[in-house]
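Peer 1: The structure that follows is given in the form of structure tokens.
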Amino acid sequence: MPVIPRLMISALALACAARAGTHAKLVPVKFTDVKITDPFWAPKIEVNRTKSIPHVLEQCEKTGRINNFAFIAKDTKEPFRGHVFHDSDVVKVMEGMAYSLATHPDKELEARLDQIIGWMAKGQLPDGYLNSYFIATDIKKRWTGMHHAHELYCAGHLFEAAVAHYEATGKKTFLDVACKYADHIDSVFGPGKRHEIDGHPETELALIKLWRATGEERYLKLAQFIVEEHGQAKTHKLYGTYCQDHKPIREQDEAVGHCVRAMYFYSGVTDLAMVTGDEGYIAALEKLWQDVVTRRMYITGSIGEKHHSEGFAKPYFLPNYDAYCETCAAIGMVFWNHRMMLLKGEGRFADIVERALYNGVISAVSLDGKKCFYENPLASRGNHHRSPWHGCACCPTNMVRFFPALGQYVYAASAAGDAVYVAQYVAGSGFVALKDGKVKLTQKTRYPWDGGVQIAIEPEGVSEFTVALRIPGWCKGATLKLNGRAYKDLPESNGFARLTRKWEKGDVIELDLPMPIEQVACDPNVEENRGRLAIQRGPVVYCLEGCDHQASVSQITLPQGAKLEARFEANLLGGVVVIKGLSERQGFELKDDGSIAAVSGVMDITAVPYFAWDNREPGEMVVWVPTQLSAAAKPESVTLAVFAKATSSHTWRADHIRALNDTVLPKASNDLNIPRFTWWDHKGTTEWVAYEFDKAIPLSKAEVYWFDDTGKGGCRVPKAWRLLFREGNDWKPVEASGHYGVEKDKFNAVTFKPVTTKSLRLEVELQPGFSGGILEWRVSR
């Protein structure tokens with residue numbers, strides 16, 4: 001279909017999607033209809049516009065990601081660089097640029113965007129295909145690696161960016177490119193064509209966005225075809241749980257596999273459910289939501305555990321130090337839960353949006369906007385920090401498109417056009433279209449630091465409709481006034497307080513959401529958090545950081561019911577409410593003679609919002625704090641290793657050097673449920689790990705528990721090993737009095753002639769053809 005007819009029917013398609021054409025209870029409000037002046041969010045959006053977008057754009061230029069499009073356009077001789085999924089990084093940044101242009105016109109930024117679009121249009125193949133990796137390397141291999149090549153994933157992000165660009169600027173250049181590419185994909189995949197899915201869902205939701213922007217029904221049908229193709233063993237070789245390709249969607253009742261892929265897939269299915277009203281989709285989505293939220297979600301609204309391939313682990317397995325909580329997964333939780341709110345019209349979904357927004361999402365980006373977490377653990381021993389860039393840069397590029405479109409989560413309208421929904425409390429104004437005209441809402445609030453919210457209602461004329469205000473699940477005792485008159489009982493249903501009347505300009509709602517400091521308990525099925533509580537105030541989760549305390553935060557206990565007070569500190573971390581109080585400490589310290597001594601007593605604590613951690617001095621962090629001394633660290637459970645900084649010749653990116661001295665003891669050498677250190681993927685080489693101490697201490701014994709995953713992986717106990725200590729600038733072997741053991745399922749101990757040193761090195765010779773690793777390395781006097 002030509003482009004002009006597509007655009008002519010765009011308004012009709014949007015109208016159908018917004019009203020009678022959907023089976024959703026609510027319809028969204030565009031971010032362009034919402035102006036955020038909030039003292040909490042507005043500065044973050046501005047930092048994203050002025051710092052993060054330029055920084056990420058520069059990184060995409062430095063790494064060749066943008067040049068790759070110039071290369072396929074034959075506008076540069078600089079060769080292609082990068083991985084198969086790098087196109088997605090560029091188009092996500094372009095999406096963020098487009099969103100930013102919609103609220104902050106910038107001729108220079110717009111010109112840069114137009115230049116990249118021009119390269120895309122010029123480099124696009126005549127049949128519509130557009131992927132710089134395959135065009136630049138080997139076009140014959142396109143669509144041959146659906147499990148891992150991310151072609152439809154990259155295409156989906158391109159579609160999203162193109163729609164954003166069209167809506168922000170009114171220009172058709174990018175949308176034309178996207179439609180041409182979508183037409184090509186539709187010619188390859190579908191009934192009577194290829195029956196296959198992409199290993200990374202994304203194009204499902206993106207095709208629906210493209211359908212809404214153009215009215216082209218083929219895009220909607222293709223999206224549904226791809227969703228329905230998941231789990232169909234009769235039509236293609238299944239990719240399994242990792243890609244949510246293990247069962248047809250209507251049979252899926254448990255969240256499995258890669259978390260980001262799951263969130264994008266579930267978002268696409270929810271979009272389809274809103275369009276089709278398919279009860280099979282809706283029932284499956286409810287089961288999946290219950291599973292994620294009640295058994296697999298962290299208190300921060302994030303999901304995913306490190307040792308399960310960026311994915312879901314078994315129910316209730318939510319380790320803190322090894323929480324993966326990928327930034328993209330937290331963003332995905334917002335995407336999915338916002339759609340579920342639209343589908344069902346219930347506040348519980350907006351509660352999860354809020355939890356993720358104020359904790360698991362914004363924790364990713366540093367206050368200066370130039371560094372980003374890929375993973376967001378709930379505890380750190382001081383070795384986890386944001387990075388200016390990542391080789392796999394999905395998270396920083398996702399964040400720059402997320403912030404400028406934040407306004408879309410604040411309001412919604414009923415599908416019948418007779419109610420305004422306030423889903424999030426953010427200072428600023430918004431316009432919501434109802435059947436009898438637009439309604440302007442103006443919020444004044446210091447949320448999330450203060451639960452007082454004032455909302456001025458300004459309809460175009462005097463008309464009757466409902467204003468629905470979300471009452472957060474964490475809030476007890478909410479009160480409401482209308483034009484100064486208090487409501488005795490909140491007319492609440494499905495998480496919203498509903499006020500129905502004839503509204504006119506000058507009407508003002510005052511909502512008060514009490515925010516006491518709470519010590520929140522975890523589900524008792526989460527073994528790691530038994531005997532621990534987390535601090536939460538309003539929607540904000542708190543943590544203890546090492547830089548605020550004289551002792552290690554792992555040694556601090558906070559009794560249940562402890563007296564705590566909230567205090568706003570304008571000059572700290574951009575202005576935050578901190579929690580202060582008294583705690584108890586039981587721990588240990590290293591004496592000058594190398595002995596370990598117990599220490600205990602009362603100490604002051606300061607808890608800061610989790611989202612702001614690691615913006616000052618590097619150090620430890622914990623969210624879940626023991627309530628009793630018995631749950632804190634004990635001297636008898638540690639060796640001198642805990643006082644050391646561990647280093648290595650090489651550490652596999654999915655493992656941790658801190659596993660060497662985390663005092664988490666294995667059950668066997670093939671224990672995959674605890675943190676581990678490995679030299680993977682180095683095989684048959686000589687490698688090392690070392691302990692560095694702040695001062696010279698006497699040592700005479702070492703114990704090593706080897707990692708060996710025979711039957712599952714490529715790590716084995718080493719062929720041989722030895723210990724060396726540093727004397728001056730030289731490494732010297734210790735005089736061992738025993739055998740260097742390499743037995744599995746036990747600590748291999750070796751004693752040696754005492755040495756006094758600041759550094760001890762463990763050197764291994766790996767078996768030929770195999771790598772190796774360590775689960776725990778203890779050292780003592």
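The values are calculated or read from the model by the stated rules, or taken from the named source; none is laboratory data. This is a predicted model, so every value here is computed, not measured. Virtual Cβ from ideal backbone geometry, glycine too; neighbours counted across all protein chains shown. Surface accessibility is based on the protein's heavy atoms, side chains included, excluding ligands, DNA and RNA. Shrake-Rupley method; radii C 1.70, N 1.55, O 1.52, S 1.80 Å.
Peer 1: For region 101-174, taking Cα atoms only, what is the radius of gyration to one decimal and the Dmax to the nearest whole Å?
Peer 2: 14.2, 42
Peer 1: Okay, which of region 666-698 sit inside 18 Å, backbone N to the point 7 Å along the Cα-Cβ direction of Lys314?
Peer 2: Backbone N within reach: 666-676.
Peer 1: Could you please state, rounded to a whole Å, how far the C-alpha centre of region 513-577 is from the C-alpha centre of region 37-97?
Peer 2: Cα centres, region 513-577 to region 37-97: 36 Å.
Peer 1: Next question, about the same structure. Treating each Cα of region 247-344 as an identical point scatterer and ignoring solvent, apply the Debye formula and state log10 I(q)/I(0) at q = 0.17 Å⁻¹.
Peer 2: Values, matching the q order: -0.67.
Peer 1: With a 1.4 Å probe and every protein chain left in place, work out the accessible area per residue of region 296-438 in Å², rounded to a whole number.
Peer 2: For region 296-438, the solvent-accessible area averages 22 Å² per residue.
Peer 1: In what sequence, largest accessible area first, do Glu518, Glu251 appear using a 1.4 Å probe?
Peer 2: These residues rank, largest area first, as Glu251, Glu518.
Peer 1: When a/c is below 1.5 the answer is rounded, else prolate if a/b is larger than b/c, else oblate, so apply that to the chain with a ≥ b ≥ c taken from the square roots of the Cα gyration tensor eigenvalues.
Peer 2: oblate
Peer 1: May I ask what percent, to the nearest 5, of DSSP beta bridges between residues of the chain are antiparallel?
Peer 2: The antiparallel fraction comes to roughly 95 percent.
Peer 1: What full-extension length gain, to one decimal in nm, is calculated for Gln628 and Thr137 as 0.36 nm per residue of separation minus the Cα-Cα distance?
Peer 2: Full-extension gain reported as 170.7 nm.
Peer 1: Tally Lys/Arg at +1 and Asp/Glu at -1 over every other residue whose Cβ is under 14 Å from the Cβ of Glu735; what's the total?
Peer 2: Charge balance in the 14 Å sphere: +3.
Peer 1: With a/c under 1.5 counting as rounded, go ahead and sort region 279-325 into rounded, prolate or oblate using the C-alpha gyration tensor (a ≥ b ≥ c being the square roots of the eigenvalues; past the cut-off, prolate if a/b is larger than b/c, else oblate).
Peer 2: The shape class here is prolate.
Peer 1: Would you calculate a helix-derived [θ] at 222 nm for the chain, using -39,500 (n - 2.57) for each DSSP H run of n ≥ 4 and dividing by the full residue count, to the nearest 500?
Peer 2: -8500 deg cm²/dmol
Peer 1: Answer with one residue from Ala313, Val177, Ala607: the one whose Cα lies farthest towards the positive end of the charge dipole of the chain, charges on Cβ with Lys, Arg +1 and Asp, Glu -1.
Peer 2: Val177
Peer 1: What percentage of the solvent-accessible surface of region 156-232, computed with a 1.4 Å probe over protein heavy atoms, is contributed by carbon and sulfur atoms?
Peer 2: 52 percent
Peer 1: For a Förster distance of 51 Å, can you work out the FRET efficiency between the beta-carbons of Tyr487 and Glu46, rounded to the nearest 0.05?
Peer 2: Given R0 = 51 Å and the Cβ-Cβ separation, E is 0.90.
Peer 1: Further, regarding this structure: Express the carbon and sulfur contribution to the solvent-accessible surface of region 353-511 as a percent, rounded to the nearest whole number, probe 1.4 angstrom.
Peer 2: Carbon and sulfur: 46 percent of the exposed surface of region 353-511.
Peer 1: With a 1.4 Å probe and all protein chains in place, put Trp688, Trp706 in order of accessible area, largest first.
Peer 2: Heavy-atom accessible area, descending, gives Trp688, Trp706.
Peer 1: What does the accessible area per residue of region 95-199 come to in Å², with a 1.4 Å probe and no ligands, DNA or RNA counted?
Peer 2: 38 Å²
Peer 1: About the Cα centre of the chain, what is the dipole size in debye to 20, counting +1 per Lys and Arg Cβ and -1 per Asp and Glu Cβ, all else neutral?
Peer 2: 280 debye
Peer 1: Something else about it: At what distance in angstrom do the alpha carbon centres of region 389-405 and region 192-218 lie from each other?
Peer 2: 23 Å
Peer 1: Would you mind calculating the gained length between Asp694 and Arg446 on full extension (0.36 nm times residue separation, minus the Cα-Cα distance), in nm to one decimal?
Peer 2: Residue separation times 0.36 nm, minus the Cα-Cα distance, leaves 84.8 nm.
Peer 1: Among Ile455, Ile517, Ile471, whose Cα projects farthest towards the positive end of the dipole of region 425-553, with charges put on the beta-carbon of Lys, Arg (+1) and Asp, Glu (-1)?
Peer 2: It is Ile455.
Peer 1: Looking at Ile139, Pro54, Thr22, which one has the Cα that reaches farthest to the positive end of the dipole of region 16-153 (charges on Cβ: Lys, Arg +1; Asp, Glu -1)?
Peer 2: Among Ile139, Pro54, Thr22, the one farthest towards the positive end of the dipole of region 16-153 is Thr22.
Peer 1: What fraction of the DSSP beta bridges in region 333-478 is antiparallel, stated in percent and rounded to the nearest 5?
Peer 2: Close to 85 percent.
Peer 1: Another question about this same structure. In debye, nearest 20: dipole of region 584-697 around its Cα centre with unit charges on the Cβ of K, R (+) and D, E (-)?
Peer 2: So the dipole magnitude of region 584-697 works out to roughly 280 debye.
Peer 1: Length gain on complete extension for the stretch Val508 to Ala598, per 0.36 nm per residue less the alpha carbon to alpha carbon distance?
Peer 2: So the chain would gain 26.5 nm between Val508 and Ala598.
Peer 1: Given charges of +1 on the Cβ of Lys and Arg and -1 on the Cβ of Asp and Glu, with all other atoms neutral, how large is the dipole of region 442-583 about its Cα centre, in debye to the nearest 20?
Peer 2: I would put it at about 340 debye.
Peer 1: While we're looking at this one, here's another question. Once you list every other residue whose beta carbon is under 11 Å from the beta carbon of Cys547, what net charge do they have if Lys and Arg are +1 and Asp and Glu are -1?
Peer 2: -4
Peer 1: Distance between Cα centroids, region 655-733 to region 488-512: provide it in whole Å.
Peer 2: So the separation of the two Cα centres works out to 62 Å.
Peer 1: Residues with beta-carbon under 10 Å from that of Leu205, excluding Leu205: net charge, scoring Lys, Arg +1 and Asp, Glu -1?
Peer 2: Around Leu205, the surrounding residues sum to -2.
Peer 1: How would you rank 476-482, 237-243, 368-374, highest first, on the average number of other Cβ atoms within 10 Å across their residues?
Peer 2: For the peptides 476-482, 237-243, 368-374, the packing ranking is 368-374, 237-243, 476-482.
Peer 1: On to the next question. For a quick protection proxy, order the peptides 711-721, 445-455, 670-680, 606-616 by their average other-Cβ count within 10 Å, most packed first.
Peer 2: Ranked from most to least packed, the peptides come out as 606-616, 670-680, 445-455, 711-721.
Peer 1: Would you please put 381-394, 43-56, 208-221 in order of how densely packed they are, using the mean number of other Cβ atoms within 10 angstrom per residue and starting with the highest?
Peer 2: Per-residue mean Cβ counts within 10 Å order the peptides as 208-221, 43-56, 381-394.
Peer 1: Sticking with this structure for a sec: Can you work out the accessible area per residue across region 598-754, with the rest of the protein chains kept in place, probe 1.4 Å, in square angstrom?
Peer 2: Per residue, region 598-754 has an accessible area of 46 Å².
Peer 1: Could you give the DSSP H helices of the chain that reach 20 angstrom or more along their long axis (alpha carbon positions) and whose average Kyte-Doolittle hydropathy is no lower than 0.0?
Peer 2: Helices meeting the criterion: 86-103, 151-169, 173-188, 259-276, 327-344.
Peer 1: Lys pairs in region 176-253, Cα-Cα under 14 Å, at least 8 apart or on separate chains: how many?
Peer 2: Going through region 176-253 pair by pair, I get 4.
Peer 1: OK, next. Tell me the label-point distance for the pair Arg653, His104, using the 7 Å Cα-to-Cβ offset, in nm and rounded to one decimal.
Peer 2: Between Arg653 and His104, the label points sit 3.1 nm apart.
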